[in-house]
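Notes follow the structure.
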Amino acid sequence: MPEVSMTVNGKPAKGQIEGRTLLVEFLRESLSLTGTHMGCDTSQCGACVVHVNGRAVKSCTMFAAEAEGAEVTTIEGMAEPDGTLHPIQAAFQDHHGLQCGFCTPGMVMSAAALLKDNPTPTEAEVRDYLEGNICRCTGYHNIVKAILAASGQDVSRIAAE
Amino acid sequence: MYAFEIDRPATLADALKALGAEEAQALGGGQTLIPALKARLASPARLVALSGVAEIKGIRTGENGALCIGGGTCHADVAAGAGAYPALAALAARIGDPAVRNRGTIGGSLANNDPSACYPAAVLGSGAVVVTTNRQIAADDFFEGMFTTTLEDSEIITEVRFPVPEVASYQKFEQPASRFALVGVFVAKYAGGVRVAVTGASEEGVFRWSEAEAALSGDFSPGAIEGLRLSGAGMISDLHGSGDYRAHLVAVMTRRAVAAAR
Amino acid sequence: MPRDGGIGASTKRREDIRFLTGNGNYTDDINLRGQAYVHFLRSDVAHGRLRKVDASAAEAMPGVLRVFTGEDFVEIGGIPCGWQVTDRFGEVMQEPKHPVLAHGKVRHVGDPIAAVVAETRAQARDAAEAIVLDIEELPAVVDMKAALEDGAPKVHDDLTSNLCYDWGFVEENKAAVDEAFGKAAHVTTLELVNNRLIANPMEPRVAVADYNRSTGDYTLYTTSQNPHVIRLLMGAFVLGIPEHKLRVVAPDVGGGFGSKIFHYAEEAFCTFAAKALNRPVKWTSSRSEAFMSDAHGRDHVTRIELALDADNNFTALRTETHANMGAYLSTFAPSIPTWLHGTLMAGNYKTPLIYVNVRAVFTNTVPVDAYRGAGRPEATYQLERVIDKAARELGVDPIALRRQNFITEFPYATPVAVEYDTGDYHATMDKLEEIADLAGFAARRKESEARGRLRGLGVNCYIEACGIAPSNLVGQLGARAGLYESATVRVNATGGITVMTGSHSHGQGHETSFAQVISEMIGIDADQVEIVHGDTANSPMGMGTYGSRSLAVGGSAMVRATEKIINKARKIAAHLMEAAEGDIELKDGRFAVAGTDKSVAWGDVTLAAYVPHNYPLADLEPGLEETAFYDPSNFTYPAGAYACEVEVDPDTGRVTIERFAAADDFGNVVNPMIVSGQVHGGIGQGIGQALLEACAYDEQGQLLTGSYMDYAMPRAGDLPFYQVDHSCQTPCTHNPLGVKGCGEAGAIGSPPSVVNAVVDALRSAGHDITHIDMPLSPSRVWQAMQS
């Protein structure tokens, strides 16, 4: 079985894989990084979004072998080592941007990629960027609000609570 | 997925060598192939991942100002780097979703020729040239119907050369579930005439709407094609819309593309 | 101002930290040493006779431990149904056996035929392809009306027909209802479909089962909304395992919306196989598998008639519904179109005479059961659509027609057997008119029209029966379980509290909101309260979370147990302060002697309970732990009014939601932030049903919407920000918190307003359209405009 090595959340990681091993499987099963989730098999739900070399990708639609040598960031790598939440994570808590939590890792990783490219997106840009992240709990209201808040914009005029 | 070996060559030469193996198949960004493999709809013995081949990535300006996009260039890079051809950049910026755009490639999309994909409309609508490891293929000769192209096994798309039109626009009406094109129309106005390519609608895959091209070549305005319509026969008819609906949308999207062309 | 962390505060959710950092513990995150993996080989035909299942080649494949087929389960109980409905004629429903693995016949695409257990997931799936099947394909029945015709193929050979039951409610009223229709000044009739949906929680189902041969103990980890119910159903009816030898754990669960209430064959299989193989056995559903194995929702075809007198008062209502059961009876399936639907047909209106007829039908499709709202969205949709149609026919304002017929005096006994305790429907409608800015609609319509778009406004009311349910009542109605809830409140020596509840949180935030209630009652920080749920080893019993019942029933059990705690603690405090028990007051975490400055802190009392040196041992046991079971005396009746504004693109038929407002009365509210979130999510699903979602089968019973490529899930871009308000509060009169429940309101209340709005938009452009069936996809709307 071939071996793959990459940097995950700043630490070297390696393991045995098959050709068909997906990056998400390598993260969850070989590295026990179970924060990255699988919610579909058609590359649509986005629960598996991680960053590879600084870009958001669906880790269920990329082979582990293709991440050889890559820098991978997962949801587990977002908070500070002392547990301080990343500003996007904090905004999701402050604005109730999650309920069951299953889509949340992918949402946070997508939001982080968005704000890197577009630090002050409009509401429409946020909604558009979340095209590939499905949430069944929140009706998206508080997710969009949380991302706008994380970008430093005033969200006080968006419906209360 | 069935078991397979995976190669990740760094050069085109190595990629071609690897593709020479029995039952080997090229892997572009994998955004269509991997879901198909998961559903066990394909069973290659060996996948040759092209993601490490730097020489087929990137955007350059070619002869006569053509915009040349490496076959391994992902949609996000086209969206960001094809400013010389704004309609093409805009199309790339609306394929799939952001994460898909960071992996999916133009070469992979064209080789797959999904009848609802966006890029085939741009290539056919621009009269682009598909450059492979073996030859150069004119867009009009490249697409051979749903999921089929003139590509041979072990042939890799290295570049796609787009002549830059005076104005162009791509208008996509999304299928509500998959967000692929229920109907997508690419309109491009060149000095020599107007090209109109339609994706998502036909059971034969992407096609040119010649009546609209003729009308628009004479008068590039939405009014020139007012009343012009296609037949619903031969159009895809499914849960998301009848053939008649798709035929109707082609006309609507064409008019909108003409109005929006920049 | 509510106290920080107490009732009424928008306290941030404590559970968020683990979910936001990737440290949740979902069932698929659980891996047991030595676990094997199961792959289910599922039927790809809708109906067929299983002539032969030859697994010999598969058993010889690498890594395969064993292949199980229906033969292995012949002696095992079927998956049970939890509700027995009695029909119009006093006969009980037809109830077919539901085997764990198909035996004799396959009855829907996705019906499991064989289960391969192997060392790896891939090996199990590889080997499943080597199973040789000989299936004689039979004609499938998909359409409900066709399924009831003479000579239709029977889904179950041993039943007399495909009719599960023919239910009439209230049967005794039928003649009077018919008579009222004969005298009506106006009758409005509407035929409609309540589209079949798939719940689609983002976490697919998972089961991991373990068996300890030396103790005979089983443990099942499963994605469930009610682990105790799974323990009861699977233990007692399927596998014959007594509760004390079976532990069921539902850890973090990634959404349910009803679909994770039910006991599924895969759970029973994994538990059975864990013993048979003496290995932990794990199953993780793929999304594709979920589409053909999770119970579906809705799927009603209805004809509704509303009778009005010459003054536009509603005089009678009559409905005929066909309700799809699918191929087998899922856990609560028979109750959904009956007791959760027929009893709500009065809505918010004082219609004196109502008759509801429901024919439940077996078809060769996936079983249908509760999905967010469960019966109540179907009731609300038809009622609020027919009222809108009546208003148009009569040329009156749809809001005025509703207001004229509102129930205004409470308690109110409806003609469909329920008694609304409280409500104020004019108040929620007033609030709606304000927050939705209905006065500004005309100007907004003009602005839309200037851009070539058609704008429509739709309004509706809803009422639901939540907080299910009084056990003695549901027992009379055919429930095979009680619907109480339990809680154990364990006060630790240093004053911290652990609450073990039978309610289950899979997104609702109970760990936060339940702690707020305790914090308020005792006057300690919410941080001192831990809420534990989802494990039969912890909580004494639990009926679980569905039907917007957690706070109303589970919360009430917790309040009752906490009251017992406070009573006991008061006795201890009285002893410590040498005062009379009746003089002791609990305030802000201290017990004080009334009228004095003497007091002891909560922690001093709790410590005394566990270190009983100075303690009334002769009269009182040491320790401070109490359990309560709470059985509600009535349902709760949340109600409200919703408004939707849409734009329609006349060229394409595409509908966009421009504004959406919801004014709800949930009674008292513990955490407004969480309540709003629940409403948002419900509205998202309701708009999904109205515009996007539909589960479709072809005539052969093939599932046409088997993935997100064809089943349209609402995305962020499909939905707007919502205006929600729950300041109209008429507290429930019969539970201690005065709460009504908020989980389903959004899904119940939103579809009619969306459809009403689209019809309004199209009519504004002169289209003579009275109805379009959901989902109002672009192609359907465009098609409607062509006629």
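Key figures for this structure:
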quantity	calculated
C:PRO62 being in a loop (DSSP other than H, G, I, E, B) and open to solvent by 60 Å² or more (accessible area, probe 1.4 Å)	yes
Residue that is nearest to C:ALA36 (Cα to Cα), among those in segment C:130-169 that are without any contact (Cβ under 8 Å) to a residue 60 or more places away in the chain and surrounded by fewer than 16 Cβ atoms within 10 Å (Cβ to Cβ)	C:ASP157
Any chance C:ALA526 is touching a residue at least 60 places away in the same chain (Cβ under 8 Å) and in contact with a strand residue (DSSP E or B) (Cβ under 8 Å, 6 or more places away or on another chain)	no
Check on B:ILE56, open to solvent by less than 20 Å² (accessible area, probe 1.4 Å) and away from chain A (no Cβ under 12 Å)	yes
Out of A:ARG20, A:ARG28, sole residue that is assigned to a helix (DSSP H, G or I), charged (D, E, K, R) and within 10 Å of chain C (Cβ to nearest Cβ)	A:ARG28
Top-ranked residue of segment C:1-30 - restricted to ones that are at pLDDT 95 or above and at positive phi, ranked as farthest from the other protein chains (Cβ to nearest Cβ)	C:GLY8
Exclusive hit being under 14 Å from the mean Cα position of the chain (by Cα) and in the same structural domain as B:TYR245 (by TED's automatic domain parsing), set B:GLY145, B:GLY184, B:GLY125	B:GLY184
Search result, residues across segment C:686-716 that are of a type outside the set (A, V, I, L, M, F, W, C), farther than 26 Å from C:CYS742 by Cβ and either open to solvent by 30 Å² or more (accessible area, probe 1.4 Å) or more than 9 Å from every other protein chain (Cβ to nearest Cβ) (or both)	C:TYR697, C:ASP698, C:GLU699, C:GLN700, C:GLY701, C:GLN702, C:GLY706, C:ASP710
Failed item, numbered, when C:ASP725 is tested on (1) more than 30 Å from C:TYR637 (Cα to Cα); (2) within 12 Å of another protein chain (Cβ to nearest Cβ); (3) of a type in the set (D, E, K, R)	(1)
Close pairs from segment C:736-762: first free of Cβ contacts under 8 Å to residues at least 60 places away in the same chain, partner crowded, with 24+ Cβ neighbours inside 10 Å, Cβ under 6 Å, at least 6 apart	none
Top-ranked residue in segment C:561-588 [being touching a strand residue (DSSP E or B) at 6+ places or on another chain (Cβ under 7 Å) and open to solvent by 60 Å² or more (accessible area, probe 1.4 Å); ranked as nearest to C:TYR630 (Cα to Cα)]	C:LYS564
Residue match in segment C:533-552 (condition: outside the structural domain of C:VAL249 (by TED's automatic domain parsing), in a helix (DSSP H, G or I) and not polar (S, T, N, Q))	yes
Residue satisfying condition, being closer than 15 Å to B:LEU88 by Cα and either of a type in the set (Asp, Glu) or not assigned by TED's automatic domain parsing to the domain that holds B:PHE220 (or both), within set B:GLU166, B:GLU152, B:GLU203	B:GLU166
Selection from segment C:647-685 of residues that are of a type in the set (Ser, Thr, Tyr), outside any helix (DSSP H, G or I) and open to solvent by less than 10 Å² (accessible area, probe 1.4 Å)	C:THR652
Positions within segment C:522-544 being at pLDDT 95 or above and buried (at least 20 other Cβ atoms within 10 Å of the Cβ), in sequence order	C:ILE522, C:ILE524, C:ALA526, C:GLN528, C:VAL529, C:ILE531, C:HIS533, C:GLY534, C:THR536
Subset tally (residues that are surrounded by 24 or more Cβ atoms within 10 Å (Cβ to Cβ) and either outside the structural domain of C:GLY684 (by TED's automatic domain parsing) or under 26 Å from C:ASN671 (Cβ atoms) (or both)) for segment C:727-752	14
Residue count for segment A:50-81, restricted to those that are among the acidic types (Asp, Glu) and in a helix (DSSP H, G or I)	2
Wholly within segment B:163-262, strands (runs of 3 or more DSSP E) carrying at least 2 residues that are touching a Ser or Thr at 6+ places or on another chain (Cβ under 7 Å)	B:181-190, B:193-199
Selection within segment C:263-314 - β-branched (Val, Ile, Thr), buried (at least 23 other Cβ atoms within 10 Å of the Cβ) and over 28 Å from C:LYS145 (Cβ atoms)	C:THR271, C:VAL281
Helices (runs of 4 or more DSSP H) contained in segment B:1-93 and holding at least 3 residues in contact with a helix residue (DSSP H, G or I) (Cβ under 8 Å, 6 or more places away or on another chain)	B:33-38, B:75-81, B:86-92
Residue ID - farthest from C:GLY682 (Cα to Cα), chosen from residues in segment C:465-511 that are without any contact (Cβ under 8 Å) to a residue 60 or more places away in the chain and in a loop (DSSP other than H, G, I, E, B)	C:GLY496
Among (1) among the hydrophobic types (A, V, I, L, M, F, W, C); (2) within 13 Å of another protein chain (Cβ to nearest Cβ); (3) more than 30 Å from B:PRO165 (Cα to Cα), the one test that B:LEU16 misses	(2)
Among (1) open to solvent by less than 10 Å² (accessible area, probe 1.4 Å); (2) in a strand (DSSP E or B); (3) under 30 Å from C:ARG455 (Cβ atoms); (4) of a type outside the set (Val, Ile, Thr), the one test that C:ALA628 misses	(3)
Test result for C:GLN516, farther than 20 Å from C:VAL754 by Cα and outside any helix (DSSP H, G or I)	no
Hey, A:ILE158 open to solvent by 10 Å² or more (accessible area, probe 1.4 Å) and away from chain B (no Cβ under 12 Å) or not	yes
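For every residue, the table says whether it meets (1) within 14 Å of the chain's Cα centre (by Cα); (2) among the hydrophobic types (A, V, I, L, M, F, W, C); (3) within 14 Å of chain B (Cβ to nearest Cβ); (4) buried (at least 18 other Cβ atoms within 10 Å of the Cβ).
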residue	(1), (2), (3), (4)
A:ALA64	no, yes, yes, yes
A:GLY69	no, no, yes, no
A:GLN99	no, no, no, yes
A:CYS103	yes, yes, yes, yes
A:LEU115	yes, yes, yes, yes
A:CYS135	yes, yes, yes, yes
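Yes/no per residue for (1) within 14 Å of chain B (Cβ to nearest Cβ); (2) free of Cβ contacts under 8 Å to residues at least 60 places away in the same chain; (3) open to solvent by 30 Å² or more (accessible area, probe 1.4 Å); (4) farther than 15 Å from C:GLY326 by Cα:
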| residue | (1), (2), (3), (4) |
| --- | --- |
| C:PHE40 | no, no, no, yes |
| C:VAL45 | no, no, no, no |
| C:ALA55 | no, no, no, yes |
| C:VAL74 | no, yes, yes, yes |
| C:GLY78 | no, no, no, yes |
| C:GLY82 | no, no, no, yes |
| C:VAL106 | no, no, no, no |
| C:GLY110 | no, no, no, no |
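The values are calculated or read from the model by the stated rules, or taken from the named source; none is laboratory data. Every value quoted in this text rests on a predicted model; they were computed, and no experiment measured them. Using ideal geometry, Cβ is built from the backbone for each residue, glycine included, and neighbour counts are taken over all protein chains shown. Heads up: the accessible areas ignore ligands, DNA and RNA and are worked out on the full protein's heavy atoms, side chains in. Shrake-Rupley method; radii C 1.70, N 1.55, O 1.52, S 1.80 Å.
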